[in-house]
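The values are calculated or read from the model by the stated rules, or taken from the named source; none is laboratory data. Since this is a predicted model, take the numbers as computed values, not measurements. So basically every Cβ, Gly included, is an ideal-geometry build from the backbone, and we count neighbours across all protein chains shown. When the accessible area is computed, the model is the full protein with side chains, heavy atoms only, and any ligands, DNA or RNA have been set aside. Shrake-Rupley method; radii C 1.70, N 1.55, O 1.52, S 1.80 Å.
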Amino acid sequence: MVLRVLSGGAVQRGLETVAQAFEKETGHKIILAFATAPAIRRWVESGEASADVLLVPIQTLEDFAASGHAAAGSSAVIGSVKAGVVVRRDAPKPDISTAQALKDELIASESIVYTEGSSGIFVEKLLDHLGVAAEVKAKIIRFADAEGVMKHLAHSRADREIGFGQITAILMRSDEGVKLVGPLPKEIENITTYAAGISTRAEAPELAHRFVRFLITPAAKATFTSTGVD
């Protein structure tokens, strides 16, 4: 039997490993698809999504349950992911020790890079909160997903360029020419909790339930933790 899983990209590395373990243990095939949370929301709410299991930020899953797109009581919390700052591998690390330090770095930067997904939506609010949204607007560069952000940074020649993304997504591409500066300062940190649930359009609901339970076994938890999902 085939199980289709639609997930946010922040948990990709851990989910791929856990899915392989599930396949080995059960003999069932897992097909994984990854997208930003806003894209998943659009697909699910429009009926375009083809998935048995949805792995998304917990608020999104709760909204799906309330609107009848996810089975009530089927969810399981996978873990939380922090937002962080990323730069090109050979670029100097900006000072992000405090909110004020990060603000100064953003003002001094040549460009600021982030996604159009949920992490990017947070960055927009952060720039507003720091009072620099208007000042840095002209140097903002956005991409559809984390992969676009990392590729841009890796090949950029800008001396002072700052990128934002989920720490798990940054670490997953750390061998592709980028490096993690660190998580956001405590006073402005962003933590997204992810949960898995069963789609009400699932073609294999029993297998979906089994997989969701598998995601919170001690072994699966250890795998997610090793990839930056707390």
Could you tell me how many of the residues in the range 180-209 are surrounded by fewer than 17 Cβ atoms within 10 Å (Cβ to Cβ) and within 17 Å of the chain's Cα centre (by Cα)?
5
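Residue by residue, here is whether (1) among the hydroxyl-bearing types (Ser, Thr, Tyr); (2) in a loop (DSSP other than H, G, I, E, B); (3) surrounded by fewer than 21 Cβ atoms within 10 Å (Cβ to Cβ) holds:
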position	(1), (2), (3)
Ser119	yes, no, no
Gly131	no, yes, yes
Ala154	no, no, yes
Ile162	no, no, no
Ser174	yes, yes, yes
Members of the range 26-44 that are in contact with a helix residue (DSSP H, G or I) (Cβ under 8 Å, 6 or more places away or on another chain) and either under 16 Å from Leu171 (Cβ atoms) or open to solvent by 40 Å² or more (accessible area, probe 1.4 Å) (or both):
His28, Lys29, Leu32, Phe34, Arg41
